[in-house]
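Q: This is the structure I have questions about; it appears just below.
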Amino acid sequence: MRIDNVETIKDLARGAVLLGTGGGGDPYIGQLLLQQEVREGRHVEVITAGELDDEALVVSVAGVGAPTVLVEHLQAKGVCRSLLEKMEKHLGRKVDAIIPAEVGGLNSIIPLALGAQAGLPVVDGDGMGRAFPHIEMVTYSVYGSRACPMVIENELGDSIIIDHATSDRKVEDIARVVTGALGAMVYSALYPMSGADVKKKAILGSMSYCLEIGRGIREARAECDDPFDGLMKILNRPEIDRHARILFDGKIVDINRETRDGWHFATVAMRGLDNPDEAFVIETQNEYLTARKNGEIACIVPDLIASLDRETAEPVTGEKLKYGQRLKIIGLSAAAIMRRPECLEVFGPAAFGLTDSFTPIEELA
């Protein structure tokens, strides 16, 4: 798959917002960077994991920090190229391909922009199938790859390498402190893996899925009276173990936000449009973690919760939610690998301090 035109980039960004589950960073900045690369005659090839040599060196690239800060920090064009060069120098060899750490939000677009800049392919896959707030919350880590060495750099060029840590969660703790000191929004190169590792540990096909969603929303607007009809045909496909539901249709009546320790925390309260007695609440730590309707769980992490404009089906990031906004909230099943017991230990409800157990959305609905 070749990314070489503005419409495809916009479709990717739209799908990335939906899969970002409210977080992952607004992809607009990354979209501008990638569009500029295309306008200057460069493009990026998205390859399947099967096209990688088993001995290839593959590195993840991702933004780290609070999404609310990202909108105030324009990314310097050379930051990620600098990260790549520092990682190659540290490892003593050239990187052969890039893979996103997550497919949601900014972190699905930044690897593509770097791929275009560096002339490197980007693997059609990621470690989450969505966005998560922690570095260790990826299938790469669950199945034995390590986040270190990790290169961190901000838009001013301040950088640090975390060469070793006792666990990937410790890498997260160190990186979060560094991120706070560097302005609460940085970029990173991490999880160096072999091609063989990627084939075994990544969620494959997630970039293609992101594009399918974004393109599907655009086409549904043109072809359907209600764009959600077209979107749900893409998202709700039980025959391939994809399940989706419209969880709520209403307006925002209250938002409480706080940015602390490099994260964006929020509680979003909604009321039904047709029935104001219906209450809906979303809890956020960078990404949406839980959705409750009238006090009962409607969707819970690692399954995905997405907020969309109720007229256009345009996905909306969490930091852009505001009082009075009218939205439809969609719940979407996580990739099957994300629901395995060993994965739920790392990014299931308990990992976020939630007392609710994980129940798949198709069972809740």
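Q: Which condition breaks for residue 32 when tested against (1) in a helix (DSSP H, G or I); (2) touching a residue at least 24 places away in the same chain (Cβ under 8 Å); (3) more than 15 Å from residue 207 (Cα to Cα); (4) not acidic (Asp, Glu)?
A: Of the numbered conditions (1) in a helix (DSSP H, G or I); (2) touching a residue at least 24 places away in the same chain (Cβ under 8 Å); (3) more than 15 Å from residue 207 (Cα to Cα); (4) not acidic (Asp, Glu), the odd one out for residue 32 is (2).
Q: In the set 22, 41, which member is in contact with an Asp or Glu (Cβ under 6 Å, 6 or more places away or on another chain), outside any helix (DSSP H, G or I) and either surrounded by 17 or more Cβ atoms within 10 Å (Cβ to Cβ) or not hydroxyl-bearing (Ser, Thr, Tyr) (or both)?
A: Answer to the check: 22.
Q: OK, next. Just checking, how many residues over the stretch 137-156 are crowded, with 22+ Cβ neighbours inside 10 Å and of a type outside the set (S, T, N, Q)? Break it down into steps so the answer makes sense when it comes.
A: First, the residues of the stretch 137-156 that are crowded, with 22+ Cβ neighbours inside 10 Å: 137-141, 145, 147, 150-154.
Subset that is of a type outside the set (S, T, N, Q): 137-138, 140, 147, 150-153.
So the count comes out to 8.
Q: Quickly run through the stretch 201-218 and pick out the residues that are among the small types (Gly, Ala, Ser) and either under 16 Å from residue 306 (Cβ atoms) or in a helix (DSSP H, G or I) (or both). Break it down stepwise before answering.
A: Pass one, the stretch 201-218, residues among the small types (Gly, Ala, Ser): 202, 205-206, 208, 214, 216.
Those that are among the small types (Gly, Ala, Ser) and either under 16 Å from residue 306 (Cβ atoms) or in a helix (DSSP H, G or I) (or both): 206, 208, 214, 216.
Q: Anything in the stretch 307-347 that is closer than 20 Å to residue 139 by Cα and surrounded by fewer than 20 Cβ atoms within 10 Å (Cβ to Cβ)? List them, or say none.
A: 336, 337, 339, 340, 341, 342, 344, 345
Residues are listed down the side, and each one gets a yes or a no for (1) crowded, with 22+ Cβ neighbours inside 10 Å; (2) within 26 Å of residue 49 (Cβ to Cβ); (3) within 20 Å of the chain's Cα centre (by Cα); (4) of a type in the set (D, E, K, R):
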| residue | (1), (2), (3), (4) |
| --- | --- |
| 168 | yes, yes, yes, yes |
| 176 | no, no, yes, yes |
| 223 | no, no, no, yes |
| 275 | no, no, no, no |
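Q: Let me ask you something else. Can you tell which of 245, 257, 271 is part of a strand (DSSP E or B) and either polar (S, T, N, Q) or without any contact (Cβ under 8 Å) to a residue 60 or more places away in the chain (or both)?
A: The unique qualifying residue is 271.
Q: Residues of the stretch 255-272 being among the hydrophobic types (A, V, I, L, M, F, W, C) and at pLDDT 90 or above, which ones? Reasoning before the result, please.
A: So in the stretch 255-272, the residues among the hydrophobic types (A, V, I, L, M, F, W, C) come out as 255, 263, 265-266, 268-270.
Those that are among the hydrophobic types (A, V, I, L, M, F, W, C) and at pLDDT 90 or above: 255, 266, 268, 269, 270.
Q: Would you check which residues across the stretch 231-258 are buried (at least 20 other Cβ atoms within 10 Å of the Cβ) and over 22 Å from residue 290 (Cβ atoms) and list them?
A: Of everything in the stretch 231-258, just one residue is buried (at least 20 other Cβ atoms within 10 Å of the Cβ) and over 22 Å from residue 290 (Cβ atoms), namely 231.
Q: Identify the single condition in (1) more than 30 Å from residue 265 (Cα to Cα); (2) modelled with pLDDT of 95 or more that residue 36 does not satisfy, given that it satisfies every other one.
A: Result: residue 36 fails condition (2) only.
Q: Counting just the residues of the stretch 292-306 that are within 18 Å of the chain's Cα centre (by Cα) and either outside the structural domain of residue 255 (by TED's automatic domain parsing) or part of a strand (DSSP E or B) (or both), which one comes out surrounded by the fewest Cβ atoms within 10 Å (Cβ to Cβ)? Step through it out loud before you land on a result.
A: Initially, the stretch 292-306 is screened for residues within 18 Å of the chain's Cα centre (by Cα), giving 299-306.
Add one more test, that the residue is either outside the structural domain of residue 255 (by TED's automatic domain parsing) or part of a strand (DSSP E or B) (or both), and what stays is 299-300, 304-306.
Working: 299: 29, 300: 25, 304: 28, 305: 27, 306: 28.
Out of the qualifying residues, it is 300.
Q: Can you tell me which condition residue 133 does not meet? The list is (1) touching an Asp or Glu at 6+ places or on another chain (Cβ under 8 Å); (2) modelled with pLDDT under 95; (3) surrounded by fewer than 22 Cβ atoms within 10 Å (Cβ to Cβ), and all the others hold.
A: So the condition that residue 133 fails would be (3).
Q: Now for a separate question. Among what's in the stretch 343-364 and is aromatic (Phe, Trp, Tyr) and in a helix (DSSP H, G or I), pick the residue that is farthest from the chain's Cα centre (by Cα).
A: Narrowing the stretch 343-364 to residues aromatic (Phe, Trp, Tyr): 347, 352, 358.
Imposing the further condition that a residue be in a helix (DSSP H, G or I) reduces the set to 347, 352.
On the way: 347: 14, 352: 17 Å.
Taking the candidates together, the pick is 352.
Q: For the stretch 93-146, give me each residue that is among the small types (Gly, Ala, Ser), within 19 Å of residue 10 (Cα to Cα) and in a helix (DSSP H, G or I).
A: Those that are among the small types (Gly, Ala, Ser), within 19 Å of residue 10 (Cα to Cα) and in a helix (DSSP H, G or I): 108, 113, 115, 116.
Q: Residues of the stretch 179-196 being over 14 Å from residue 95 (Cβ atoms) and outside any strand (DSSP E or B), which ones?
A: Matches in the stretch 179-196: 179, 180, 181, 182, 183, 184, 196.
Q: For the stretch 275-291, enumerate the residues that are in a strand (DSSP E or B) and in contact with a Gly (Cβ under 7 Å, 6 or more places away or on another chain).
A: 280, 284, 287, 288, 291
The values are calculated or read from the model by the stated rules, or taken from the named source; none is laboratory data. As the structure is a computational prediction, the values presented were derived from the model and not from experiment. As a convention, Cβ positions derive from the backbone with ideal geometry for all residues, glycine included, and neighbour counts pool all protein chains shown.
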